[in-house]
Amino acid sequence: MPANDSNNSTGPVRMPEPTPRHYRSGGHRASDGSQPGPRSLARREVRIRQQGRSRRQYLMAAAVALALVAAGGVYAGVQAGLPSDPPAAAATAPVADAGRNVPPASDLPATASPVAGTVSAAAGKPAEVPAVPAVAVPAIDPELDSQINGIIAANSAYALGVSLIDVSDGVVHGYGAQGKFVAASTAKILAASAYYHLVETGRASLTARMGASTAGAQIRQMVQQSNNDSWALILRAVGQRGITEYAASIGITYDRTVNLLTPAEMARTLQLLYTGQLLNARNTAQLLSYMQNTNFETLIPPAVPPGVGVHHKYGLLFGNLHDAAVLDKDGRAFVFVVYTRGKNYSDMGPRTQIIQQLTRTVTAALF
């Protein structure tokens, strides 16, 4: 651990010198030459014992002072690693920064320490603390905005709508077409969430018989395999009015009969799901697990760099080709939604390339 500047800025601690002692020459008897008399010997023994005690006291005081200096450095280092409201492991967990780890805060120079403004005991003046530059954290910034808009502008033959959310702040960043698209199978996440909500409020069960299996199995088929028969069963259980009211409860206007969503509405749904604001922890984890290793991994997933997690739901219907994902790594997560509308299945190839180009651009900037 580096030394604490608030303790070391004035050099080593100096202990005060012992008070000088003025010893008398002792009583010498002229008749004995240089030999001291009995009284002199007794006094010398007393002086020797006094000097020994003084020397031991000095050494002990010096040791205590050094221990205090060392303890002060340890305390300052620990305090530098403690946030004002610390989670249990905040002082030791590395902080992610664009794919590299920043050392724990307690191992950084103690510039943010609560003791930074204290007065040095040795100098009697404020301690000098060197400044440490802030660690840059990748963010959705104007440069990334410009890159996304540039890709959309270069492919104006298609309707392209992109939404991006940093889950840490929940702000929706929209690009391109932000109106309603036919949501296709991306809306299955909304249907799954609505059914889980019924389960959590005691109005349905995951083990209830549904079709040839259970409701829980149908949700997995609907999301992971994009099974439309399973979707129909879940929607029947939720009801048309039920799905509309559930969507409205999270700020989304949705009519199952036309199945329209904006890219921002889809992104908002995923952000609420991922952050645990839709479902309890168990059901959240289960639904997110179904959004991996799906039957169609050819849009966003292949363009994501190694080490970045992907939870997604694609949509494919006539001229509509979409993918909606949560991308996460080292405790940071972003919702990334791309909706596209073209002619029909014949131009799926070019639109797949656009989705992957957008994915590479976003992940290069954020991870």
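Restricting attention to the range 254-261, does a residue exist that is assigned to a helix (DSSP H, G or I), among the aliphatic types (A, V, I, L, M) and open to solvent by less than 40 Å² (accessible area, probe 1.4 Å)?
no
Quick one: in the range 320-360, of everything that is open to solvent by 10 Å² or more (accessible area, probe 1.4 Å), within 30 Å of the chain's Cα centre (by Cα) and not polar (S, T, N, Q), which residue is farthest from VAL137 (Cα to Cα)?
ARG360
Enumerate the pairs (first residue in the range 344-367 and part of a helix (DSSP H, G or I); second residue anywhere and surrounded by fewer than 15 Cβ atoms within 10 Å (Cβ to Cβ) and of a type in the set (Ser, Thr, Tyr)) with beta-carbon separation below 7 Å, excluding pairs fewer than 6 apart on the same chain, so at least 6 apart or on different chains.
The qualifying pairs are THR352/THR298.
Taking the range 259-283, which residues are farther than 10 Å from SER193 by Cβ and without any contact (Cβ under 8 Å) to a residue 40 or more places away in the chain?
Across the range 259-283, the qualifying residues are GLU265, GLY276, GLN277, ALA281, ARG282.
Just to be sure before I move on: is ASP328 over 18 Å from ILE148 (Cβ atoms) and in contact with a strand residue (DSSP E or B) (Cβ under 9 Å, 6 or more places away or on another chain) in the structure I sent?
Considered against the rule, which asks whether it is over 18 Å from ILE148 (Cβ atoms) and in contact with a strand residue (DSSP E or B) (Cβ under 9 Å, 6 or more places away or on another chain), ASP328 comes out as yes.
Quick one: in the range 309-319, of everything that is open to solvent by less than 40 Å² (accessible area, probe 1.4 Å) and in a strand (DSSP E or B), which residue is farthest from ALA177 (Cα to Cα)?
My answer is GLY309.
Touching a Phe, Trp or Tyr at 6+ places or on another chain (Cβ under 6 Å) and not aliphatic (A, V, I, L, M): is that true of LYS329 in this structure?
The answer is yes for LYS329.
In the range 296-308, what residues are outside any loop (DSSP other than H, G, I, E, B) and either surrounded by fewer than 14 Cβ atoms within 10 Å (Cβ to Cβ) or hydroxyl-bearing (Ser, Thr, Tyr) (or both)?
PRO302
Would you mind stating whether SER168 is over 27 Å from THR363 (Cα atoms) and open to solvent by 30 Å² or more (accessible area, probe 1.4 Å)?
no
The values are calculated or read from the model by the stated rules, or taken from the named source; none is laboratory data. As the structure is a computational prediction, the values presented were derived from the model and not from experiment. FYI the Cβ positions are ideal-geometry reconstructions off the backbone, even for glycines, and counts take in every protein chain you see. Ligands, DNA and RNA are excluded from the accessible area calculation, which covers all protein heavy atoms including side chains. Shrake-Rupley method; radii C 1.70, N 1.55, O 1.52, S 1.80 Å.
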